[in-house]
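Have a look at the structure below, then the notes.
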Amino acid sequence: MKKTIHLLALGLFTLTTVACDDDDNDSIERNGVGIGLTAPDASHDAKTLSQVQGWPAGTKPTAPAGFQVTELAGGLDNPRWLHVLPNGDILVAEANTLNNGAQEVN
């Protein structure tokens, strides 16, 4: 009985392994050699900045029943990510989505 279970498990493993084999792809296609890519479109600017929309003064988002919204910090320009440390401190990462007037070097 044990031997039959082991043989069935081995057969299932072999069948699964063979079924997952993907020999249809050529190694050239997988490595990217010889793939013809189209030229980049120079007519479009690839840089897209997000439009920051804050809440008007004195207003806040509506929370679902049983929750409340409280402002933890003010004066943040573009907060994007929050991380709460084990001691309760909160780290905020801000995005650089505002044009500060510096010209880019091409």
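The values are calculated or read from the model by the stated rules, or taken from the named source; none is laboratory data. Note that the structure is predicted; figures quoted are calculated from it, not measured. All Cβ positions, even for glycine, are placed from backbone atoms using ideal geometry, and neighbour counts span all protein chains on display.
Among 18, 92, 52, 33, which is the only one that is surrounded by 10 or more Cβ atoms within 10 Å (Cβ to Cβ) and at pLDDT below 80? If you could, list the steps in order and put the result at the bottom.
On the way: 18 fails: surrounded by 10 or more Cβ atoms within 10 Å (Cβ to Cβ); 92 fails: at pLDDT below 80; 33 fails: surrounded by 10 or more Cβ atoms within 10 Å (Cβ to Cβ).
After applying the criteria, what remains is 52.
Can you name the residue in the range 70-89 that is modelled with pLDDT of 80 or more and surrounded by 10 or more Cβ atoms within 10 Å (Cβ to Cβ) and, of all such residues, is farthest from the chain's Cα centre (by Cα)?
Across the range 70-89, the extreme among qualifying residues is 76.
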